[in-house]
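See below for the structure under consideration.
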Amino acid sequence: MQKRQAIAPKTAEEFDKHVEKYLSMVLHHEEVQQMAEIAKKVFRKRLGDSSDTLRNN
Amino acid sequence: METCNSIAERLKDLPAMPGVVIRLQSLTKRDDVGSREVAQILEKDTAIVARVLKLVNSPFYGISQGVSSIEEAVAILGFNALHQLALSTAVFHTLAPGDSVLDINDFWRHSFGVGTITKHLCRGQSKDTQNEAMMGGLLHDVGRLVFASADAEKFNAFYYERAAVTDIEDEAEFFGVDHQTVGALLAEKWNFPKSITHMIGKHHCPEQAPEAYSLLVGAVSMADLLCHTMAVGFSASSYATDFSCAAWQQLNLEISDLEVILTDALSEIDDAEHIFSSP
Ligand SMILES: [Fe+2]
Ligand SMILES: [Fe+2]
């Protein structure tokens, strides 16, 4: 039986795409927009990426 | 389409709550539970003992000396924490799905992730509330395990194609009941504490929780959203749960607090990684 795989973003860009897709239905809430930014920041920190400049594409 | 009754009927065929856990539940009514007494009950089920000791020795609990017996674990963690560990462990052990599209390790990781984040969202609350938060988070999606173990083929047919787009209305239409409702039925059947039953039964509609449980239910709903956002584990479907403003406000946190909460929770989840490899 083929298993469904967990979504496992490896890079900041992949993670951003995942967050935007996952939260697309609830992003109209201001709190969720802020939450999404914090999630991206936490992910970057965990990647050991101290520079925020890498991400803005 | 299946009727609600036929799923409820099937609950009767599900394995009964393991005997050791029933006996443990009966101890929760007393204040004077001794560690020897707990150990004597648990030691009858070696599979549960092995799993509980593995969890207790994980960095999550921050105990530096190795814990080699249940008696020692009760002395260090207290009866309530150990009871919750034993209960969650027994549920996953009893309902582990066989040949299914659901990867049980990913499911464990999602469950543990939601438990840990729920606990951290409740950091301003009492220790007991935090313990309930952890346990309710661990068990919130147990209804999906009920589906998978009741009829793996049907489960696979539903989730394999529709994982990204499935919401609880789709589930209710397909299975006759959604995973939060069937999870709550199981929780009632197995005599879980009321708070846990509501956390399981209302995590996708926290506004419907009775007022006494609304904080915990709101916390688990928020933690589910955050856990999916952080892409921790997988629970068969990645449909976004709605954001509840009321639930968020009740937690009395600032959005900026989430940075510390998520950082702390994710490092605890990382520390517990070895637990997921053999549930
Ligand atoms: Fe759920
Ligand atoms: Fe979930």
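Worth pointing out:
- Heavy-atom SASA rank of B:Ile22, B:Ile76, B:Ile269, B:Ile104 (probe 1.4 Å, accessible area, largest first): B:Ile22, B:Ile76, B:Ile104, B:Ile269
- Taking Cβ atoms as reference points and 11 Å as the exclusive limit, the residues near B:Gly201 contribute a net charge of 0, counting Lys and Arg as +1 and Asp and Glu as -1.
- Debye log10 I(q)/I(0) for the stretch B:99-279, one point scatterer per Cα, at q = 0.11 Å⁻¹: -0.42
- Heavy-atom surface of chain B, accessible at 1.4 Å and reported per residue (Å²): 39 Å²
- Area hidden from solvent between B and A (accessible, protein heavy atoms only, 1.4 Å, total, Å²): 2900 Å²
- Cut-off 15 Å, label 7 Å out along Cα→Cβ of B:Cys245, residues of the stretch B:194-219 by amide N: B:207
- Cβ-based charge dipole, chain B, positive-most Cα from B:Phe155, B:Gly115, B:Ile22: B:Ile22
- The stretch B:65-104 residues near the modelled B:Glu43 label - backbone nitrogen below 19 Å, point 7 Å along Cα→Cβ: B:67-79, B:82-83, B:86
- Signed unit charges on C-beta, dipole axis of the protein assembly as shown, positive-most listed residue B:Gly34, B:Ile168, A:Val26: B:Gly34
- Computed accessible area, B:Asp103, all protein chains, 1.4 angstrom probe, square angstrom: 40 Å²
- Cα gyration tensor, the protein assembly as shown - rounded (a/c under 1.5), prolate or oblate: oblate
- Summary of packing: across the peptides B:149-157, B:223-231, A:32-40, the per-residue average of other C-beta atoms within 10 Å ranks them, highest first, as B:223-231, A:32-40, B:149-157.
- Accessible surface of the stretch B:16-95, 1.4 Å probe, proportion on carbon and sulfur as whole %: 52 percent
- Spread over its residues, the convex hull of the C-alpha atoms of the stretch B:16-95 is 79 Å³ per residue.
- Size of electric dipole in the stretch B:99-279: Cβ of Lys, Arg +1 and of Asp, Glu -1, about Cα centre, debye, nearest 20: 480 debye
- Calculated [222 nm] ellipticity per residue, helices only, for chain B: -19500 deg cm²/dmol; basis is -39500 (n - 2.57) per DSSP H run with n ≥ 4, divided by all residues, nearest 500.
- Take each residue in A:28-38, count the other chain C-beta atoms within 10 Å of its C-beta, and the mean is 5.
- Per-residue SASA remark: B:Phe174, around 60 Å² accessible (1.4 Å probe; ligands, DNA and RNA not included).
- Net charge dipole size for the protein assembly as shown [Lys, Arg +1 and Asp, Glu -1 on Cβ; Debye, nearest 20]: 740 debye
- Listed residue pairs exceeding 24 Å between alpha carbons, taken from B:Lys119/B:Lys202; B:Lys119/B:Lys194; A:Lys41/B:Lys202: A:Lys41/B:Lys202
The values are calculated or read from the model by the stated rules, or taken from the named source; none is laboratory data. Everything numeric in this text was worked out from a predicted model, so none of it was measured. When we count neighbours, we look across all protein chains shown, and the Cβ atoms used for this are built from the backbone with ideal geometry, even at glycine. Just so you know, the surface numbers come from the protein's heavy atoms only, side chains and all, with ligands and any DNA or RNA stripped out. Shrake-Rupley method; radii C 1.70, N 1.55, O 1.52, S 1.80 Å.
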